[in-house]
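The values are calculated or read from the model by the stated rules, or taken from the named source; none is laboratory data. All of these numbers come straight from a predicted model, not from anything done at the bench. Glycine also receives a Cβ, built like all others from the backbone with ideal geometry; neighbour counts cover every protein chain displayed.
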Amino acid sequence: MSDAATPHTVAHPPISARQVAAAVAGNALEFYDFTVYATFASQIGQAFFPSKTPFVSLILTLITFGVGFIPRPLGAVIIGRWADKHGRRPAMILSFSLMGVAILGLALTPSYAAIGPLAPILVLIWRLCQGFALGGEVGPTTAFLVESSPPAHRGLYGAWQGGSQNLANLVGAGIGLAFTTFAGVAALQAWGWRAAFLIGAIALPFGLLLRRTLPETLHRHEARTAAQADDTSLKSGTPVLLRGLGLIGASTISTYVFAYLTTYAFKTLHMPAGVSLGATAVSGTCGLVAGLIGGALSDRFGRRPLMIWPRVFFLLATWPVFWLIVHFHNGPALLIGTAILTFSSALSTAAVFVAIAESLRKEVRVMGMGMVYAVAVAVFGGTTQPIIASLVEFTHDPLSVAWYTIAATAVGLLASLTMRETAHRRVTLKS
């Protein structure tokens with residue numbers, strides 16, 4: 001089918017850079033929040049979960065963070081169904097607003113020393129609120145990017161979903177490094193980690209304003225492709241959803257392992273804080289660059305090759321890279337190893353997100369995409385950090401992190417091999 005407009009079609013203007021930024025702002029805020037939380041996990045633990053044993057304080061902090069993943073599937077269903085019926089734009093505004101309330105609530109909650117057990121209860125409430133909001137965030141934003149971008153460049157536009165995460169990681173790492181370098185230990189505990197959260201909250205009014213100006217894509221007619229199910233029920237798309245669960249589950253575990261590298265290098269390998277935070281900065285930079293490259297390559301060569309071959313390399317490289325980091329136990333090994341793993345992993349990110357979205361009919365795209373992502377992140381994202389922290393603690397083997405990552409990657413590779421190709425499909429948009 002030709003992309004040229006006919007008497008029965010309408011050519012919509014290309015999506016602008018500002019609209020892309022508005023769509024991915026929520027995803028960026030999520031990962032900024034995550035990076036700051038991981039960076040200052042020790043300070044947050046001391047503020048809300050004081051304990052004579054540092055490990056207990058840390059693990060309670062990580063578990064509380066993980067609890068926030070539980071309501072994500074509920075948010076995906078409720079906000080996703082609303083988005084599929086009433087529009088992508090109002091769903092994105094709602095989810096972003098709830099995220100703002102949660103991040104401000106956490107930053108302003110008094111410590112355990114000030115209000116006692118009420119402090120961790122409030123922290124738990126904010127994490128649950130944010131989890132619900134984030135469950136309804138990824139579905140509408142991914143659908144919007146796919147539906148509003150040129151069909152031949154969906155991979156590149158969709159890459160900004162992952163690119164925003166890595167950019168936020170980079171910003172969060174930079175702010176964490178600045179506070180760690182200049183504030184001092186006492187200041188970090190007293191107000192530094194709170195200030196880092198509040199800096200992220202500055203984006204809230206701008207993100208809401210931009211999202212209010214987005215075009216609505218729900219009512220643009222989209223022709224069905226061979227990769228999509230024959231009807232508009234999620235039941236017919238079950239194979240796609242199961243494969244998507246494996247794909248995003250593997251990516252989620254890798255992402256959260258990378259995000260934990262700051263705490264891993266500092267707590268487990270006892271590296272300086274500056275070097276540890278440098279790993280997060282390297283991860284964000286490589287993830288951003290590789291994600292965009294991978295998205296563009298998936299438009300040219302297809303989604304499947306970009307889902308398969310980078311995962312093969314990542315699978316083979318994970319254990320040697322972690323062994324080098326642990327064996328040499330220095331900054332260069334940590335930074336180079338982080339760059340290798342992050343770059344190879346991020347090459348697949350855009351292909352995964354766009355392929356799942358393209359495989360679902362638009363009538364159920366938001367809820368389907370949101371459910372797959374929310375369930376994968378709820379099961380694997382919320383448990384990855386406590387699991388690897390516990391593995392290292394009880395096995396006394398820092399390489400246990402590598403084995404856990406390898407197992408997850410093998411599942412993702414199997415799912416990649418069973419996915420159908422969705423790229424290079426022509427879509428007609430009717431008025």
Contact list, first residue from the stretch 192-205 and within 20 Å of Leu94 (Cα to Cα) and in contact (Cβ under 8 Å) with a residue 60 or more places away in the chain, second anywhere and in a helix (DSSP H, G or I) and charged (D, E, K, R), beta-carbon distance below 6 Å, six or more apart or interchain, is none
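Against the definition (farther than 27 Å from Gly26 by Cβ, crowded, with 18+ Cβ neighbours inside 10 Å, in contact (Cβ under 8 Å) with a residue 24 or more places away in the chain and more than 19 Å from the chain's Cα centre (by Cα)), how does Ile59 come out, yes or no? Reasoning before the result, please.
Details: farther than 27 Å from Gly26 by Cβ: yes; crowded, with 18+ Cβ neighbours inside 10 Å: yes; in contact (Cβ under 8 Å) with a residue 24 or more places away in the chain: yes; more than 19 Å from the chain's Cα centre (by Cα): yes.
For Ile59, the condition - farther than 27 Å from Gly26 by Cβ, crowded, with 18+ Cβ neighbours inside 10 Å, in contact (Cβ under 8 Å) with a residue 24 or more places away in the chain and more than 19 Å from the chain's Cα centre (by Cα) - is met.
Taking the stated definitions as given, is Arg81 touching a residue at least 40 places away in the same chain (Cβ under 8 Å), in contact with a Leu (Cβ under 6 Å, 6 or more places away or on another chain) and in a helix (DSSP H, G or I)? I'd like the intermediate steps shown before the answer.
Details: touching a residue at least 40 places away in the same chain (Cβ under 8 Å): yes; in contact with a Leu (Cβ under 6 Å, 6 or more places away or on another chain): no; in a helix (DSSP H, G or I): yes.
Criteria not met by Arg81.
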A careful count of residues in the stretch 320-349 that are within 15 Å of Ile253 (Cβ to Cβ) and more than 22 Å from the chain's Cα centre (by Cα) gives 1
Of Gly337, Gly294, the only residue that is of a type in the set (Gly, Ala, Ser) and at pLDDT below 95 is Gly337
Scanning the stretch 94-126 residue by residue, those under 25 Å from Trp160 (Cα atoms) and either touching a Ser or Thr at 6+ places or on another chain (Cβ under 7 Å) or surrounded by 17 or more Cβ atoms within 10 Å (Cβ to Cβ) (or both) turn out to be Leu94, Ser95, Phe96, Leu98, Met99, Gly100, Ala102, Ile103
Of the residues in the stretch 47-69, those that are under 24 Å from Gly100 (Cα atoms) and of a type outside the set (Gly, Ala, Ser) come to Phe48, Phe49, Leu60, Thr61, Leu62, Ile63, Thr64, Phe65, Val67, Phe69
Test result for Ala178, assigned to a helix (DSSP H, G or I) and either free of Cβ contacts under 8 Å to residues at least 60 places away in the same chain or surrounded by fewer than 21 Cβ atoms within 10 Å (Cβ to Cβ) (or both): yes
_Yes/no for Leu209 being crowded, with 16+ Cβ neighbours inside 10 Å and either part of a helix (DSSP H, G or I) or in contact with a Lys or Arg (Cβ under 7 Å, 6 or more places away or on another chain) (or both)_ = no
Among residues of the stretch 62-73 being at pLDDT 80 or above and part of a helix (DSSP H, G or I), the residue surrounded by the most Cβ atoms within 10 Å (Cβ to Cβ) is Arg72
Conditions (1) hydroxyl-bearing (Ser, Thr, Tyr); (2) buried (at least 21 other Cβ atoms within 10 Å of the Cβ); (3) more than 26 Å from Arg220 (Cα to Cα); (4) over 21 Å from the mean Cα position of the chain (by Cα) -> Ser400 fails only (2)
How many residues of the stretch 80-93 are surrounded by fewer than 20 Cβ atoms within 10 Å (Cβ to Cβ) and either more than 22 Å from Phe197 (Cβ to Cβ) or over 21 Å from the mean Cα position of the chain (by Cα) (or both)? The answer is 6
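Return the residue satisfying two criteria in turn: it lies in the stretch 137-155 and is outside any helix (DSSP H, G or I) and either surrounded by 24 or more Cβ atoms within 10 Å (Cβ to Cβ) or of a type in the set (Ser, Thr, Tyr) (or both), and of such residues it is nearest to the chain's Cα centre (by Cα).
Looking only at the stretch 137-155, we keep the residues that are outside any helix (DSSP H, G or I), and these are 137, 149-150.
Filter once more, so that each one left must be either surrounded by 24 or more Cβ atoms within 10 Å (Cβ to Cβ) or of a type in the set (Ser, Thr, Tyr) (or both): 137, 149.
Values: Glu137: 11, Ser149: 21 Å.
Among residues in the stretch 137-155 that are outside any helix (DSSP H, G or I) and either surrounded by 24 or more Cβ atoms within 10 Å (Cβ to Cβ) or of a type in the set (Ser, Thr, Tyr) (or both), the one nearest to the chain's Cα centre (by Cα) is Glu137.
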* To do: Would you check if Leu347 is in contact (Cβ under 8 Å) with a residue 60 or more places away in the chain and crowded, with 16+ Cβ neighbours inside 10 Å?
  => no
Scanning the stretch 61-101 residue by residue, the ones that are in contact with a Cys (Cβ under 8 Å, 6 or more places away or on another chain) and closer than 27 Å to Arg220 by Cα total 0
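Being buried (at least 20 other Cβ atoms within 10 Å of the Cβ) and either at pLDDT below 85 or in contact with a strand residue (DSSP E or B) (Cβ under 9 Å, 6 or more places away or on another chain) (or both) is the requirement here; does Gly382 meet it?
Working: buried (at least 20 other Cβ atoms within 10 Å of the Cβ): yes; either at pLDDT below 85 or in contact with a strand residue (DSSP E or B) (Cβ under 9 Å, 6 or more places away or on another chain) (or both): yes.
The answer is yes for Gly382.
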Going through (1) surrounded by 24 or more Cβ atoms within 10 Å (Cβ to Cβ); (2) closer than 16 Å to Gly26 by Cβ one by one, Phe40 fails only at (2)
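For the subset of the stretch 159-175 comprising residues that are hydrophobic (A, V, I, L, M, F, W, C) and modelled with pLDDT of 80 or more, which member is surrounded by the most Cβ atoms within 10 Å (Cβ to Cβ)?
Our first condition is that a residue be hydrophobic (A, V, I, L, M, F, W, C); within the stretch 159-175, this holds for 159-160, 167-168, 170-171, 173, 175.
Add one more test, that the residue is modelled with pLDDT of 80 or more, and what stays is 159-160, 167-168, 170-171, 175.
Numbers: Ala159: 30, Trp160: 25, Leu167: 21, Ala168: 26, Leu170: 22, Val171: 20, Ile175: 21.
Within the stretch 159-175, the match that is surrounded by the most Cβ atoms within 10 Å (Cβ to Cβ) is Ala159.
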For the stretch 297-308, pairs from a residue that is more than 10 Å from Ala423 (Cβ to Cβ) to a residue that is at pLDDT 95 or above and not in a helix (DSSP H, G or I), with Cβ under 7 Å and 6 or more apart or across chains, are Met307/Ser348
If we ask which residues in the stretch 270-307 are touching a Gly at 6+ places or on another chain (Cβ under 8 Å), surrounded by 19 or more Cβ atoms within 10 Å (Cβ to Cβ), over 21 Å from Ala415 (Cβ atoms) and among the hydrophobic types (A, V, I, L, M, F, W, C), their number turns out to be 5
Restricting the stretch 86-121 to residues that are touching a residue at least 60 places away in the same chain (Cβ under 8 Å) and β-branched (Val, Ile, Thr), the one nearest to Gly136 (Cα to Cα) turns out to be Ile93
